[in-house]
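To start, the structure under review is shown below, and the notes come after it.
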Amino acid sequence: MKLNVNGQALAANVPGDMPLLWVLRDHLNLTGTKYGCGIGQCGACTVHLDGAPVRACLTPAAEAVGKKVLTIEGAADTPRGRAVQAAWEKLNVVQCGYCQSGQIMSAIALIESNPVPTELDIDAAMAGNICRCATYQRIRAAILEAAAAPRG
Amino acid sequence: MESIDSKGIVNLSRRQFMQGGAALTLGILLGRALPAQAAAAAAPAAEPAAYVRIGADNSVTIIAQHLEMGQGTYTGLATLLADEMDAAWSQVRMEGAPADAARYGNRKMGGMQGTGGSTAMANSWETMRRAGAAARAMLVAAAAKQWDVPRGTITVREGVVLHDPSGRRANFGELAAAAARESVPERLFLKNPHEFTLIGKPLARIDNRDKVTGAARYTQDVKLPGMLVALVQHAPRFGAKVASFDDKAARRVKGVVEVVQIPSGVAVLAGDFWSARRGRDALRVKWDESAAFALSSRDIYARYRELAKQPGTVARQDGDADAALAGAAKKLQVGYEFPFLAHAAMEPLNCVIRLDSGGCEAWNGEQLQSVDQAALAELFGLPPERVKINMLYAGGSFGRRANPASDYVLECGHIVKALAGGALGGRPVKLVWTREDDMRAGYYRPAYVHALEAGLDAQGKIVAWKHRIVGQGILASSPFKARVQDGIDPTVVKGAYNLPYGFGTQRVDVHMPELPVPVLWWRSVASSHNAYAVETFLDQIAAAAGRDPADLRLELLAGRERHLAVLRLVLEKADWTKPLAQGAPGDKRGRGLALHESFDSVVAQVAEVSIKADGSFTVDRVVCAVDCGLAINPDVVRAQMEGGIGYGLSAALSGAITFNKGRVDQSNFDNYTVLRMPQMPKVDVHIVPSAAAPTGVGEPGLPPIAPAVANALAQAGAKRITSLPIKLA
Ligand code: FES
Ligand code: FES
């Protein structure tokens, strides 16, 4: 199976029904995308497929063929991704960090589709991403900060 | 500057040279009394522990003796050492310490190596600063020799050693080799608080970059050559045993390489998680459930409620509470029920172990090195020093990874042991618990039933206070049960038998029934339920006496200046004396207060809630005040208060593990719901300025939140909540 991940053509010898999460983690050594629940409840596995956020634990790898997969490892390749990461660092969002790849991928997708989100927009868009360390207040603030950051 | 002797600090550089390692390495020989057990396990003559290494590349590597599981330990440890050393924040790196209690034992945990009880900063406050001061002195001595100038004319700023009169300068890396030939000075100078450059500043977390780029390495991310992934089919009920199993279909799943029986179930091994998962789905296990746990939550509560009617083992007795109660002008009583809770850290449990002729090597978000090392050593018949443990980042823990029974670590060990000698022997194994395993295979915050009574005199003053607690003791049901003294398990009564309030008389007693449900400390341990019982009952008393809940507490805390300062700060910041702003039309608003001391820190919170017309409610804002001694990093302290509030609120709103004839009802985040972003209140944290030695911050933010919210709901007109999670209707 051939996949386009973070702009690179990669091949994996896996069955098509293997969830993208495990192809990324166990076969392509891209371990930034995390396993948290396996049933689409926590968002730790969030990646982008052709720009849209999806739960990699529920996405069969075959569905990603022919599409562009973006993971946390490629997040810094776009200005928006860098702005989000910078805001996360500036506001010391992370605690254990385990949910944060997914949070950041959801946040980037939100700002891509809604460049000036309100707090309510943020709550709605991020409700699918659990953080057991409860960094939510800082995530909200960091998204507002990243959205306000100059483009470039 | 404060001058102290440098006893115990050792220059380890020569040993490091022999290994072709770094330039200057300093260690500390901890001249402390180890408990008999740890001392016996220690190497014959304790070797100094390496605490800091300065590389020729100008890096300063700090060897962390405590786990980073989100609470900011790495940042705190680095701050302490880097400040005394005058290192630049950007040159500091962290490395996890190996398992070696003789060198890295936690003095706040009786010398055992581990992270818990919010002790990391209190344990490291002196040692890390001393190591930093010694390194600085040796760098200065080396520079003084090289430049032939008096030491006193040399200064150090942000990783650069300077001689201002001549304009000479060198970075740490350039001086490290020369510094390594210096001996440790006999006297060290520690800074006075006003000289700190990093301590007390809101420095950026040292793990930020790793964690926003996905580069941070957790146990889940470990991949070793030849590694197999194992999933275990666990018993459907605690105490059930494997009767037989049929693995034909499992072995036919592509990628599955082996199926082995272990004490806790049957393990399926494959080259990757998904194949192991499919293999486990295809496995058929018959369980012998004849001796299995078969109670339902209802039965447990009923049994506990009966016990709550009878006197228990006395944990605290001041005066004659019974007599005072009998003579009281007004009597109040209440009963509470608290459910079992799952830790449900974001990273489900996992562990990697390799066993070969060289010994055993483990990779783990390691929270209790001494215990896990001893357990693996015993399992494999190895001396403890041949069990190497690599401490990786943990994706949360909240107590779960510090298990005196080493459950999941030993489970992984058993799988490795079952493979040893066979064709797959020597292959590293990564045990992965699915979220369902993590939620169902045990170790919960115990369920409790409380019964409280109070007596007031004619003026409304509390003259009698009785508090009875019924539930499993955590130490009492662990291999540490010898630490339970006189039948009183602190993991049950802390936060109830050591209250700061001046009640006229009081009696706290406890029943600790045994139950086959495995239990463990859960963020803030006993305070997670005791604070709720005490603080909501106090509000009930205030209401009955027609008193303001804040005034009542101010009076009960007379003479407790530290507590009073925290309480006054939170009241001021929450505008307690002003009316609460109105909410949306139809909303009923309320404000509630709670205060609690735990892990030597004092925290008070005011929660503001809105009850909607349909009976649902929101927690809108929480004002929090904390005294945790000197705040090494105020922003990390704030983050821990926010996190404790969010984690505690999650449990208060919906956390409950329940049993149906011994089976756990919950399995994943769809039916064990947790706090999500829309439910997170705005949190404002205020820190009481302090120069006292640092106390805990990882846990103390949690206990006040649930009672503050319940008190706010009552103030908004809801009935008093006596059973958690909170249900209003
Ligand atoms: S792991 Fe995919 S949503 Fe939780
Ligand atoms: S930072 Fe720990 S789960 Fe979000």
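The values are calculated or read from the model by the stated rules, or taken from the named source; none is laboratory data. Not measured: the values here are computed from a predicted model. Here Cβ is always computed from backbone atoms with ideal geometry, including for glycine, and neighbour counts include all displayed protein chains. Areas reflect the complete protein model, heavy atoms only, side chains present, ligands, DNA and RNA absent. Shrake-Rupley method; radii C 1.70, N 1.55, O 1.52, S 1.80 Å.
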Hydropathy first: keep DSSP H helices in chain B averaging at least -1.0 on Kyte-Doolittle, then drop any whose Cα extent along the axis falls short of 20 Å, and list what survives. B:120-147, B:527-544, B:634-654
Which Cα, out of B:Val266, B:Gln220, A:Leu120, lies furthest along the positive dipole direction of the protein assembly as shown (beta carbon charges, K/R +1, D/E -1)? B:Val266
Quick one: compute the contact order of chain B, relative version, from alpha carbon pairs under 8 angstrom and 6+ residues apart, as a percent. 14
Please return the longest range in chain B lying between exposed loop sites, taking trypsin sites (Lys or Arg not before Pro), DSSP loop only, at most 10 other beta-carbon atoms within 10 Å, and leaving the sites out. B:310-718
Provide, in order from the shortest bin, the percent of all Cα-Cα pairs of chain B in each 20 Å bin, continuing until the bin that contains the maximum pair distance. 16, 45, 32, 7, 0
Could you check which residue among A:Ala76, A:Ala44, A:Ala142 shows the biggest mean-square fluctuation in a GNM of chain A with a 10 Å Cα cutoff? A:Ala76
Got a sec? What order do B:His450, B:His414 fall in by accessible area at 1.4 Å, biggest, i.e. largest, first? B:His414, B:His450
Of the cross-linked pairs A:Lys34/B:Lys241; A:Lys90/B:Lys588; A:Lys34/B:Lys388; B:Lys682/B:Lys727; A:Lys2/B:Lys254, which ones have a Cα-Cα span greater than 28 Å in the structure shown? A:Lys34/B:Lys241; A:Lys90/B:Lys588
Placing each pseudo-label 7 Å from Cα in the direction of the beta carbon, A:Ala127 and B:Glu186 end up separated by a distance in nanometres of 7.0
Quick check: pseudo-label points 7 Å beyond the Cα along Cα→Cβ at B:Ala691 and B:Asp281, how many nm apart are they? 6.4
Rg to Rh, two decimals, where chain A supplies the alpha carbon set and Rh follows Kirkwood: 0.96
The range B:397-523 - Rg over Rh from alpha carbon coordinates, Kirkwood radius: 1.19
To the nearest 20 debye, what is the magnitude of the charge dipole of chain B about its Cα centre, counting +1 on the Cβ of each Lys and Arg and -1 on the Cβ of each Asp and Glu? 960
In the range B:519-636, if the dipole is taken from +1 on Lys/Arg beta carbons and -1 on Asp/Glu beta carbons about the Cα centre, which of B:Ala574, B:Val602, B:Asn633 is farthest to the positive end? B:Ala574
Residue-averaged 222 nm ellipticity for the protein assembly as shown, from DSSP H runs of 4+ at -39500 (n - 2.57), nearest 500: -9000 deg cm²/dmol
Which whole number gives the average count of other chain Cβ atoms within 10 Å of the Cβ atoms across peptide A:66-74? 1
When the solvent-accessible surface of protein heavy atoms is calculated with a 1.4 angstrom probe, in what order do B:Met138, A:Met1 fall, highest first? A:Met1, B:Met138
Based on the inverse mean of 1/r over its pairs of different Cα atoms, what is the Kirkwood hydrodynamic radius of the range B:178-229, in Å? 16.4
According to a simple spin-label model (label point 7 Å from Cα along Cα-to-Cβ), what is the distance in nm between B:Met227 and B:Glu572? 5.2
For B:Met94, other-chain or 5+-apart residues with amide H closer than 5 Å (H placed, Pro excluded) are B:Ile62
What net charge is computed for the residues neighbouring B:Ala574, neighbours being all others with C-beta under 10 Å from the C-beta of B:Ala574, Lys and Arg scored +1, Asp and Glu -1? 0
Within the range B:461-480, whose backbone N sits under 15 Å from a point 7 Å along Cα→Cβ of B:Ala405? B:472-480
Measure nothing but the geometry: give the 0 to 90° angle between the long axis through the Cα atoms of A:79-90 and the longest principal axis through the Cα atoms of chain A, rounded to 10°. 60
Any idea what the dipole of the range B:269-380 comes to, in debye rounded to 20, about its Cα centre with Lys/Arg Cβ at +1 and Asp/Glu Cβ at -1? 620
For the range B:320-472, diffusion coefficient by Stokes-Einstein and Kirkwood Rh (Cα), 10 °C, 1.306 mPa s, µm²/s: 85
Within 10 Å of each Cβ in peptide B:272-281, how many partner chain Cβ atoms are there on average? Round it to a whole number, please. 4
For the range B:592-723, the Cα-Cα pair-distance distribution in 10 Å bins from 0, as whole percents, is 13, 39, 30, 16, 3, 0
Over the range B:79-182, consider all pairs of different Cα atoms and compute the Kirkwood hydrodynamic radius from their mean reciprocal separation; express it in Å, one decimal. 15.2
So what is the accessible area of chain B per residue, in Å², with the probe set to 1.4 Å? 37
So for the range A:75-148, what percent of the C-alpha to C-alpha distances run longer than 17 Å? 32
With just the Cα atoms of the protein assembly as shown, tell me how far they stretch along each of the three principal axes, in Å, largest first. 80, 76, 62
At a Förster radius of 60 Å, what calculated FRET efficiency corresponds to the Cβ-Cβ distance of B:Ser244 and A:Ser113, to the nearest 0.05? 0.65
Residue separation times 0.36 nm, minus the C-alpha to C-alpha distance between B:Arg169 and B:Glu555: what's the value? 133.0 nm
Over all directions, what mean area does the Cα convex hull of the range A:2-74 project, stated in square nanometres? 4.0
Where the eigenvalues come from the Cα gyration tensor of the range B:89-134, what are the semi-axes √(5λ) of the equivalent ellipsoid, largest first, in whole Å? 20, 13, 11
Over the whole of A:37-46, what's the average partner chain Cβ count within 10 Å per residue? Rounded to a whole number, please. 5
Plugging the Cβ-Cβ distance of B:Lys727 and B:Asp457 into 1/(1 + (r/R0)^6) at R0 = 45 Å yields, to the nearest 0.05, a FRET efficiency of 0.80
Total accessible area buried between chains B and A, 1.4 Å probe, in Å² to the nearest 100? 4700
Name the residue from B:Ala235, B:His563, B:Val387 whose Cα lies farthest towards the positive end of the charge dipole of chain B, charges +1 on Cβ of Lys and Arg and -1 on Cβ of Asp and Glu. B:Ala235
